[in-house]
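Working notes, beginning with the structure itself.
The values are calculated or read from the model by the stated rules, or taken from the named source; none is laboratory data. On a predicted model such as this, the values are computed, not experimentally measured, just so you know. Virtual Cβ from ideal backbone geometry, glycine too; neighbours counted across all protein chains shown. Areas reflect the complete protein model, heavy atoms only, side chains present, ligands, DNA and RNA absent. Shrake-Rupley method; radii C 1.70, N 1.55, O 1.52, S 1.80 Å.
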Amino acid sequence: LDDAFDVICNEIGRDWRMLARKLGHNEALLQQIEYKHPRNLREQIREALKEWQITKGKEATVDALIATLRSCKLNLVADSVKEELYKTG
């Protein structure tokens with residue numbers, strides 16, 4: 001999952017909030033994350049992904065992440081995650 005997180009952190013940008021909501025995070029958590037990392041978008045994204053991983057446990061898979069990216073119409077990011085995983089094996 002860490003490789004997938006890296007790709008998403010590099011590519012998603014401001015759309016991270018939409019992804020985080022689709023992953024099941026509420027607005028209060030998103031605000032808390034932004035408050036914790038006010039000027040660091042990359043850390044905001046990474047923390048949102050880590051929270052999802054903790055919450056979902058074994059259900060937090062790369063396939064679930066890719067499906068959620070696609071449901072947010074973030075197909076380019078989803079494709080990049082898939083490509084990275086095929087590279088690293």
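Summary table
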| quantity | calculated |
| --- | --- |
| Heavy-atom accessible surface of the chain: percent carbon and sulfur, 1.4 Å | 48 |
| The chain: angle of helix 62-71 to the longest principal axis, Cα-based, in degrees nearest 10 | 70 |
| For the chain, the spread of Cα positions along each principal axis, largest first, Å | 36, 26, 22 |
| Dipole magnitude of the range 3-60, debye to nearest 20 (Cβ charges: Lys/Arg +1, Asp/Glu -1, about Cα centre) | 120 |
| Computed E for I54/L85 - FRET, C-beta separation, R0 22 angstrom, nearest 0.05 | 0.55 |
| Given charges at Cβ of Lys, Arg, Asp, Glu: the chain dipole, positive-most of L41, T61, A4 | L41 |
| Contact order normalised by residue count of the range 1-88, Cα under 8 Å, 6+ apart, percent | 43 |
| Surface per residue (accessible, 1.4 Å probe) for the chain, Å² | 62 |
| The chain: calculated mean residue ellipticity at 222 nm from DSSP helix runs of at least 4, using -39500 (n - 2.57) | -23000 deg cm²/dmol |
| Tilt relative to the chain, helix 75-88 - C-alpha long axis, 0 to 90 degrees, to 10 | 60 |
